[in-house]
Amino acid sequence: MSLRRGLDHLVLAVRNLDQAAARYEACGFTLTPRAQHPWGTANRLVQFDGSFLELLEIDRPELIAPASVGEFSFGVYVRDFLRRREGFAMLVFEGHDARADVAAFAAAGLNTYPPFDFSRSAVLPAGNSATVGFSLAFVTDPRAPEAVTFTCQQTAPQYFWKPQFQRHANGVQGIAAVVMQADRPEQWQGHFAALQGEAAVRRHDAGLDVMTARGRVLVRRSSEVAARFGGPVAAGIGGTPGFAGYVLTTRDLRASETALAHAGVQFARRAGSLVVPADSVFGVGIEFIAI
């Protein structure tokens with residue numbers, strides 16, 4: 001399997017979208033306008049060139065319906081996640097054919113579900129609206145109930161990606177890596193090989209590095225995650241593996257530092273990077289690295 005599934009976006013579940021968006025804006029990020037999903041969630045996005053962060057809340061809980069047998073319910077999953085904590089709820093890879101992805105993942109022995117198709121309205125930079133559509137191919141693993149992954153196929157990308165939303169005062173350019181916390185990283189080699197191809201997964205003493213078409217997935221032990229992000233991160237229910245944080249590239253580390261200081265966000269300076277602990281940004285560790 002060739003590398004064809006780059007990092008697409010990170011689902012960051014928050015209890016108060018307005019509050020979270022204000023914090024990210026204060027940190028120098030440009031956010032898209034609020035959008036709503038038909039199953040009761042709402043989001044605002046931090047777009048980069050080809051990837052994005054999704055701040056997501058439950059805003060209409062009455063619309064969340066239980067999943068049918070054999071289906072994955074996006075709304076139920078996020079609702080239950082937020083009952084326990086805020087944080088990095090789902091990791092999303094780019095998809096080009098959701099149905100082919102489901103078939104490939106199932107053939108590789110992963111837990112799959114029928115493709116999930118939906119559309120929503122998106123507010124464009126000029127203030128007008130357009131319909132954007134998506135097809136999702138979900139994968140779950142019982143060993144990590146709070147580490148759901150899926151691929152995302154867009155059906156109207158020309159209305160989704162906008163340069164005006166991709167310019168950030170803090171100089172951030174994109175997502176370099178995501179960090180998954182697992183005290184036995186080697187147990188996830190087969191999982192990520194099925195998602196990205198065997199050649200994409202590199203095992204070493206520190207854990208696993210998964211090379212994608214855009215960015216990396218780093219699987220690390222909890223002690224190493226805590227050292228990286230300046231303190232422990234609650235990454236999975238009951239100590240199960242989960243997503244702990246992410247690494248962003250910036251063209252101007254000084255601009256990123258200025259924005260964080262202006263926002264009153266706690267951070268630590270390191271050689272060539274800035275680290276924001278998870279308790280400062282809604283349960284997710286963030287590292288800014290210079291490019």
Charge tally in the Cβ shell below 10 Å around Asn43, where Lys, Arg are +1 and Asp, Glu are -1, Asn43 excluded: 0
Could you list Trp188, Trp39 so that the one with the fewest beta carbons within 10 Å of its beta carbon is first and the one with the most is last? Trp39, Trp188
The chain, relative contact order [Cα under 8 Å, separation at least 6], %: 20 percent
I need to check one value: relative contact order of segment 7-165, counting alpha carbon pairs closer than 8 Å and at least 6 residues apart, in percent. 24 percent
Compare the Cα positions of Gly50, Phe150, Ala130 along the charge dipole of segment 1-157 (+1 at Cβ of Lys, Arg; -1 at Cβ of Asp, Glu; about the Cα centre) and return the one farthest towards the positive end. Phe150
Looking at the square roots a ≥ b ≥ c of the eigenvalues of the Cα gyration tensor of the chain, which shape do they give, rounded for a/c under 1.5, prolate if a/b is larger than b/c, or oblate? rounded
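Using helices alone, I'd like the mean residue ellipticity at 222 nm for the chain: each DSSP H run of four-plus residues gives -39500 (n - 2.57), total over residue count, nearest 500.
Mean residue ellipticity at 222 nm (helix-derived): -6000 deg cm²/dmol.
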What nm value, rounded to one decimal, do you get for the distance between Ala206 and Arg15 when each label is placed 7 Å out toward the C-beta? 3.4 nm
Taking the alpha-carbon centre of each part, the distance from segment 1-76 to segment 229-290 in Å is 19 Å
By Cβ neighbour count within 10 Å, fewest first, Ser119, Ser73 rank Ser119, Ser73
Choose one of Gln173, Gly264, Ala235: the residue whose Cα lies farthest towards the positive end of the charge dipole of segment 172-290 (beta-carbon charges +1 Lys, Arg; -1 Asp, Glu; about the Cα centre). Gln173
Taking the Cα centre as origin and putting +1 on Lys and Arg beta-carbons and -1 on Asp and Glu beta-carbons, what dipole magnitude results for the chain, to the nearest 20 debye? 400 debye
Relative contact order for segment 36-83 using alpha-carbon pairs under 8 Å, separation at least 6, rounded to a whole percent? 33 percent
Among the DSSP beta bridges whose two residues both lie in the chain, what percent are antiparallel, rounded to the nearest 5? 70 percent
To the nearest 20 debye, what is the magnitude of the charge dipole of segment 172-290 about its Cα centre, counting +1 on the Cβ of each Lys and Arg and -1 on the Cβ of each Asp and Glu? 180 debye
Most fluctuating residue of Ala22, Ala200, Ala271 in a GNM of the chain with Cα springs under 10 Å: which is it? Ala271
Below 10 angstrom from the Cβ of Arg202, what's the summed charge of the other residues (Lys, Arg +1; Asp, Glu -1)? +1
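Values in this text are rule-based calculations from the coordinates and carry no lab data. Since the model is a prediction, treat every value here as computed from it, not as a measurement. Heads up, the Cβs are rebuilt from the backbone with ideal geometry, glycines too, and the neighbour counts pull from every protein chain shown.
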